[in-house]
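S.K.: Dropping the structure in here first, questions after.
The values are calculated or read from the model by the stated rules, or taken from the named source; none is laboratory data. Given the structure is predicted, the values throughout are model-derived calculations rather than measurements. Neighbour counts run over all protein chains shown; Cβ positions are idealised from the backbone, glycine included. Heads up: the accessible areas ignore ligands, DNA and RNA and are worked out on the full protein's heavy atoms, side chains in. Shrake-Rupley method; radii C 1.70, N 1.55, O 1.52, S 1.80 Å.
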Amino acid sequence: MVDLKEAPKAMQLDVVSIFPDFFRGILDCGLIKRAQSGGQLRILLHDLRDYTEDRHRTVDDRPFGGGPGMVFKPLPVFRAVEAIKSGEPEAAIPVILLSPQGRLLRQPVVEELSRHRRLILICGRYEGVDERVAEYLATDELSIGDYILSGGELAAAVVMESVARLLPGVLGNEESVAQDSFGLHRVPGEPAAQGLFDCPHYTRPADFRGMRVPEVLLSGDHEEIRRWRHRRALEKTWRKRPDLLNDVDFSEEDQRLLEELKQASSPILSQGG
Ligand code: SAM
């Protein structure tokens, strides 16, 4: 269980990229904008070309041994990180290389990241980054999924957004974080729902073109609603991503529900609560 109060008051993200402008739109809207203006998040964009040493501001070169594409040279990346870190004790700031070969960014990893005061994010491009960056400079490599993007900027934006919403005061409703899919928190009075999908949500009208909201949600019976939501969260997870259930810490009630689910072919939803 993660105590959100452990998270730092304000986090600083330093992003190293050859396309700092990529982030302009993201920084200027929604939750990330609010987190910055609320003082919970500071984002500094660093153009990798500012750390080159030649007049052409060259960041890449051909790979040793031949082969297609270009590779980020180590020098500008090392210089950028050293400049960003200057004054900070060695290893105090995680240096994260966005890479399809990194550990997968899952919610527990996001929670872990959100407890740091600062993070440095390095965005690769082309064939990737000279391996000495991963070996000797980065303290972590993160992947946002098993697919290849053209650059690390989108992946860095995913890290930004997922971390920002965990910073205290950014969402203004920590319970909502706890109830989101993959949430690792227990809400007082709620059954354990660690690592499950969120329950389904409905809003007005109660009857939309003949598609009715489940009656239990209109009943006003809070205990019944709580139980229904929990059952549906469990059911959705089991049906869509059974692999996630391997990480769930089940209560006895959950175990019973799961057995029911496995035995019954009809979904719990159709039983109306
Ligand atoms: N040749 C590399 C490989 O096959 O592992 C892929 C390089 S990719 C075209 C260029 C850059 O995009 C990477 O250096 C990394 O920064 C970023 N990138 C691509 N896919 C990513 C992913 N799934 N997660 C995080 N970053 C990714």
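S.K.: Under 12 Å from the Cα of Lys33, which aspartates and glutamates turn up, not counting those fewer than eight places away in the same chain?
M.R.: Glu161
S.K.: Report the one residue of Thr58, Ile144, Ala92 whose Cα lies farthest in the direction of the positive end of the charge dipole of the stretch 4-164 (charges on C-beta: Lys and Arg +1, Asp and Glu -1; origin at the Cα centre).
M.R.: Ala92
S.K.: Now for a separate question. Can you tell me the relative contact order of the chain? Whole percent, Cα pairs under 8 Å, sequence separation 6 or more.
M.R.: Taking the mean separation of contacting Cα pairs over the length of the chain, I get 18 percent.
S.K.: Next question. With the cut-off at 1.5 for a/c, could you classify the stretch 25-73 from its C-alpha gyration tensor as rounded, prolate or oblate?
M.R.: Since a/c reaches 1.5 and a/b is larger than b/c, the shape of the stretch 25-73 is classed as prolate.
S.K.: Further question on the same structure: For Lys73, list the lysines whose Cα falls under 28 Å from its own Cα; do not include residues on the same chain fewer than 8 positions away.
M.R.: Leaving aside lysines fewer than 8 places away in the same chain, those within reach of Lys73 are Lys85.
S.K.: Per residue, how much accessible area does the chain show when a 1.4 Å probe rolls over the protein heavy atoms, in square angstrom?
M.R.: Ligands and nucleic acids excluded, the result is 55 Å² per residue.
S.K.: Continuing with the same structure: Based on C-alpha coordinates, I'd like the Rg and Dmax of the chain, in Å.
M.R.: My reading of the Cα-based Rg and Dmax gives 22.7, 71 Å.
S.K.: Can you compute the FRET efficiency between His56 and Ser86 using 1/(1 + (r/R0)^6), with r the Cβ-Cβ distance and R0 = 22 Å? Round to the nearest 0.05. Please report the intermediate quantities before stating the final value.
M.R.: Numbers: r = 26 Å, r/R0 = 1.16.
After rounding, the FRET efficiency stands at 0.30.
S.K.: Continuing with the same structure: Tell me the carbon and sulfur percent of the accessible area for the chain, rounded to whole percent, probe radius 1.4 Å.
M.R.: 50 percent
S.K.: Which of the listed residues, Pro76, Ser181, Leu261, is farthest toward the dipole's positive end in the chain, when Lys, Arg count +1 and Asp, Glu count -1 at the beta-carbon?
M.R.: Going by the Cα projections, it comes out as Ser181.
S.K.: Roughly how large, in nm² to one decimal, is the mean projection of the convex hull of the alpha-carbon atoms in the stretch 31-135?
M.R.: 8.6 nm²
S.K.: How big is the dipole moment of the stretch 21-146 about its Cα centre under a simple scheme where the beta carbon of each Lys and Arg is +1, that of each Asp and Glu is -1, and everything else is neutral? Debye, nearest 20, please.
M.R.: 500 debye
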